[in-house]
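The values are calculated or read from the model by the stated rules, or taken from the named source; none is laboratory data. Please read all numbers here as calculations on a predicted model, not as lab measurements. Heads up: the accessible areas ignore ligands, DNA and RNA and are worked out on the full protein's heavy atoms, side chains in. Shrake-Rupley method; radii C 1.70, N 1.55, O 1.52, S 1.80 Å.
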Amino acid sequence: MNTIINATTKETHGGAVWKVRWAHPTFGQILATCSFDNTVHIFEETVPDTSDQSLSRTGVQSGKFDSSNRWRRRRALTDSGSNVTDIQFAPHFLGLMIATCNALGKVIIYEAEDVLDLDNWTIVFEGEVFKHRCGSLSWSTNRYRHSDLTIKESFGELTDQVTYVCFAPSAGLSFHKLAVAVGARIQIYNIHVHTDENLKSNDHHDYMDYTSLETEKVSVLENGKSQVLRISWNIIGDTISAVYSDGVVRLWKCTFKNNWEVVSVVQPSQENSSKQGVQGIYY
């Protein structure tokens, strides 16, 4: 049985921490946190100094070191001006970038131009995307289509609160597949990106100047009346795991007839089922 060791404990934020995200391991051991205190903190794991410690014959360090100094805060991003509700690192092939959103509907994207200098982050996009609270972000991992796109169409049928959005892995598709958790439903959209080559050949350097997005709702998954809190795709994009406010986890799978069915249900324990899980979610 593997043993989990508490490597370090730090108290850096002045409010509740909502999300903790890891960057792709290509860039090393980097994580980011966002908080109610309007900030995003970037941390990096530092290599301990082993000069005064003995090594075993296998090369494994046999001494001990101060683990409290293993993680170092490299930068505090304070441009939000409001409660930061979500953060997401971009796919690694786009570089070391992180997107943030806040309770006022503002989205900011930062980039570390030099991955060896995590003290310096540049804002590459900043804008008020919504007139109300934005609580979830998701990057598309499709290598064949631009991932830094903004969905500018409004989904008119989304009358309930949107709690989570999640792009499916690209799996070689020519379009983006997006799952949206809204109320007790999961709505799946195909997003097609159309490029106007005539405008692209001119002096339109902004990606959104020569592209348009076409959204198509392809499926609605609904089972029960509990609110959907979190959703996640499998690696090939044909199965969705969903967590509901009553503690139930459902696995949805797309059949060969392109119909979505519940293939597994995980019920909460008797002790947890009596608690109102959704009441503890404030972000």
Open item on the list: Whole-Hz ³J(HN,Hα) for each residue in the range 75-83, computed from phi via Karplus 6.51 cos²θ - 1.76 cosθ + 1.60 with θ = phi - 60°, x for glycine and proline: what do you get?
Closed with: 7, 10, 8, 10, 8, 5, x, 7, 3
TODO: Using amide H atoms built 1.01 Å from N in the peptide plane, name the residues 5+ places from VAL115, or on other chains, whose amide H lies under 5 Å from its own.
DONE: none
TODO: Go through the range 213-218 residue by residue and turn each phi into a ³J(HN,Hα) via Karplus (6.51, -1.76, 1.60, θ = phi - 60°); whole Hz please, and just put x for glycine and proline.
DONE: 10, 10, 9, 9, 7, 10
Open item on the list: Explain nothing, just compute: Karplus ³J(HN,Hα) = 6.51 cos²θ - 1.76 cosθ + 1.60, θ = phi - 60°, for every residue of the range 132-142 in order, whole Hz, x for Gly and Pro.
Closed with: 9, 5, 10, x, 8, 10, 7, 9, 7, 9, 6
TODO: Could you look at the range 73-117 and say what percent of its accessible area is carbon and sulfur, using a 1.4 Å probe and all protein chains?
DONE: 46 percent
Task: Amide hydrogen neighbours beyond the local backbone of THR39, cut-off 5 Å, H modeled - done: VAL84
